[in-house]
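Okay, structure first, notes after.
The values are calculated or read from the model by the stated rules, or taken from the named source; none is laboratory data. For clarity, every value in this text was computed on a predicted model and none was experimentally measured. Cβ sites come from the backbone with ideal geometry, for glycine too, and all protein chains shown count toward neighbours. Accessible surface is based on the protein model in full, side chains and every heavy atom, while ligands, DNA and RNA are left aside. Shrake-Rupley method; radii C 1.70, N 1.55, O 1.52, S 1.80 Å.
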Amino acid sequence: MILNTSVLICLLWSGYEDIREQKIHVIPVIICIVLGIVIRLFTGEITMPSILYGALPGVLSFICGRTCGACIGEGDSLLILCVGLVNGFWFCISFLGFTFTCVFVFSV
């Protein structure tokens, strides 16, 4: 519960900073990633292969952003990596699907 709350706070704060300054501060996100991985490994809720599998959406978004002319920012990719590492691959994919749906509805 505490870990999910800290990830939510990190995401909300990063979103606010992204809207306000058009950049995402890296240090809080990295702290959240390290804290999340250590807690999940210590409690035995997550294994090393699931950590690597959870990193896949963030790594793919980073590669896509680099190859497609910075369509996805590095900070955004880092946040996707944070969600995937801490909460797992399928949660990250669900989270991205929900987020893209909300952006689509807001844009229309």
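Brief remarks follow.
- Global form of segment 1-77, assessed from the alpha-carbon gyration tensor, a/c cut-off 1.5: oblate
- Here segment 41-108 has an Rg and Dmax of 13.2, 44 Å, counting Cα atoms alone.
- Summing charges over all other residues whose Cβ lies under 14 Å from the Cβ of His25, with Lys and Arg as +1 and Asp and Glu as -1, gives -3.
- Of the listed residues Arg40, Arg66, the order by accessible area with a 1.4 Å probe, largest first, is Arg66, Arg40.
- The slack in the chain from Thr47 to Phe91, taken as 0.36 nm per residue of separation less the alpha-carbon distance, amounts to 14.3 nm.
- Residues Thr99, Thr67, ordered by accessible area of protein heavy atoms at a 1.4 angstrom probe radius and largest first, appear as Thr67, Thr99.
- When restricted to Cα atoms, segment 36-80 yields an Rg and a Dmax of 13.0, 40 Å, respectively.
- Helix-only CD estimate at 222 nm, as mean residue ellipticity for the chain, using -39500 (n - 2.57) per DSSP H run (n ≥ 4): -28500 deg cm²/dmol
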